[in-house]
Amino acid sequence: MKALLYVILIAGLVPIQSVLLPHVSVWGVKPDIGFIAVCLVGLFGGELEGLLVGLALGWVMSLFSAEDLTFSMVTKGGVGYVAGLAGRQVAHLTPVALVVGLLVTSCLAGLLTAVALKPNDEQDLWWALRAVVLPQACFDAVVGGALYWLVWNRLNVERWVSEYRA
Amino acid sequence: MRMVNLRAPYNARRLAFALAVILLLGFLLLPSQLQGVFQQLGSPVGWILSWPLRAVASVRDGIADLWTGYAALQGVEEENRQLRKELEYLQGQNSQLREAAAATERLTALLEFKAQVLPSMIAAQVIGRDTGNWYRTIILNKGESDGLEPDMGVITAVGVVGRIVKTTAATSVVLLATDPNNAIAGLIQRTRDEGIVEGTTQGLAHLKYIPLLSSARTGDRVVTSGLVGGFPRGLAIGTITRIDKEEGALFQSAELTPEVDANRVEEVLVIQSPYVPTEGERLGAPSVKPKS
């Protein structure tokens, strides 16, 4: 059941990311909804689920991007794994802590990508930081925080989850 | 405040750690092999995922059409007047161009130019954009099953769009000509100087390696040179807006405004088999007749 949910999640995120989100991009930068999803899955599902969903999502997203397949898989898988580890260390999670966590993680993942890609002379680290990494991290944090607030506070998903577990 | 997961069993943690290590080692030790496997597996997965992608794209297009249709009605009278004026101007220009075309045809026949073989093309629709922020790409609704392959050139009636870099069974990813990682062999139409067109981070393009003695100037059109695969000769790439000449440099470079606005591209043509001239044809060498 859970696996099916994750498959639906992955299949749904690809069109959202490549068809709908380019319309809300600011200065050509859009939030990485896959990154946010992997972080949330890792936080609430543990490191194994975070890693597997991250790897799958990284792979699938790379099929619709010029980005290197290996790097996309390793980054998203790694983020899911780290989010799972973080989820184990944190007893209570406030939306503010989540937003800050997403901001820092997105910055680190973006910097890692910028250093690893080193695409050409024109795209140096400063350009990457200014034009992609920081705006995307802010976007990810805001969208992630909003999603968390919407899903957990408004839709009361936690109650459904505990009922489902019981 | 919410309680975060604390219930994952010890085995799951060990399994996750082992998986992470194995995959990381695999990608470090056998990068190309593993990438090849995942790329091949991705082809059918891409086909399956192309369905929700197409569905969402068609819903988006429907909404966009509805909105455009409504918005278009607002200024339709003014637009109509403008179009009539433009039509009159174009009719005049058309007759001049017909004359020029007829003259070119006569001259071509006179010089016994070998007619360039038109490449076969496949029409495709743009259904999405890059899932990341690092590359400027578009996603097409056709892929390997339609005969598309990496490195094929993509154009519109206006000019060059980019080059295919990745394919699945039903989709293709096209790296735009305005992406800094793309390079296309270009030619200044007026001066016949060749160079390499690369994208810039601002979404424009620049022509590099123009000879120092070239008389290229602002307003010159740059077209594909047809020397390296993907594109036949003479497809519009852009117009020069600035020439950069640095003291002591071996070459000059020029900034271009691309002919195609990649943000508004909806349908494209993929060049399947570009005409690549041989070195002899390029240099205009006479063909050798077989001995009888």
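Values as computed for the structure displayed
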| quantity | calculated |
| --- | --- |
| Count of the stretch A:72-84 residues which are within 9 Å of chain B (Cβ to nearest Cβ) and open to solvent by 10 Å² or more (accessible area, probe 1.4 Å) | 3 |
| Matching residues, the stretch B:26-85, being among the charged types (D, E, K, R) and either assigned by TED's automatic domain parsing to the domain that holds residue B:264 or not in a helix (DSSP H, G or I) (or both) | none |
| Only one of B:139, B:184 that is in contact (Cβ under 8 Å) with a residue 60 or more places away in the chain and either outside any loop (DSSP other than H, G, I, E, B) or surrounded by fewer than 24 Cβ atoms within 10 Å (Cβ to Cβ) (or both) | B:139 |
| Every residue from the stretch B:75-86 that is open to solvent by 100 Å² or more (accessible area, probe 1.4 Å) and of a type in the set (A, V, I, L, M, F, W, C) | none |
| Identity of the residue in the stretch B:106-124, surrounded by fewer than 16 Cβ atoms within 10 Å (Cβ to Cβ) and not in a loop (DSSP other than H, G, I, E, B), that ends up modelled with the highest pLDDT | B:123 |
| In the stretch A:56-69, the residues that are within 16 Å of residue B:26 (Cβ to Cβ), open to solvent by 20 Å² or more (accessible area, probe 1.4 Å) and either within 7 Å of chain B (Cβ to nearest Cβ) or touching a His at 6+ places or on another chain (Cβ under 9 Å) (or both) | A:59 |
| Filtered residue count, the stretch A:104-123, keeping only those that are more than 10 Å from chain B (Cβ to nearest Cβ) and either buried (at least 19 other Cβ atoms within 10 Å of the Cβ) or over 17 Å from the mean Cα position of the chain (by Cα) (or both) | 6 |
| Residue within the stretch A:29-51 that is of a type in the set (Phe, Trp, Tyr), open to solvent by less than 10 Å² (accessible area, probe 1.4 Å) and within 7 Å of chain B (Cβ to nearest Cβ) present | no |
| Identity of the residue in the stretch B:43-74, among the small types (Gly, Ala, Ser) and touching a helix residue (DSSP H, G or I) at 6+ places or on another chain (Cβ under 6 Å), that ends up surrounded by the fewest Cβ atoms within 10 Å (Cβ to Cβ) | B:57 |
| Test: residue in the stretch B:211-227 that is in contact (Cβ under 8 Å) with a residue 40 or more places away in the chain, closer than 30 Å to residue A:60 by Cα and open to solvent by less than 10 Å² (accessible area, probe 1.4 Å) | no |
| Search result, residues across the stretch A:70-120 that are in contact with an Asp or Glu (Cβ under 6 Å, 6 or more places away or on another chain) and under 23 Å from residue A:29 (Cβ atoms) | A:102, A:106 |
| Residue match in the stretch B:211-221 (condition: assigned to a strand (DSSP E or B) and β-branched (Val, Ile, Thr)) | no |
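The values are calculated or read from the model by the stated rules, or taken from the named source; none is laboratory data. Remember, it's a predicted structure, so these values are computed and weren't measured experimentally. We place every Cβ from the backbone using ideal geometry, glycine too, and count neighbours over all the protein chains shown. Note: accessible area is taken over every heavy atom of the protein model, side chains too, but ligands, DNA and RNA are not part of it. Shrake-Rupley method; radii C 1.70, N 1.55, O 1.52, S 1.80 Å.
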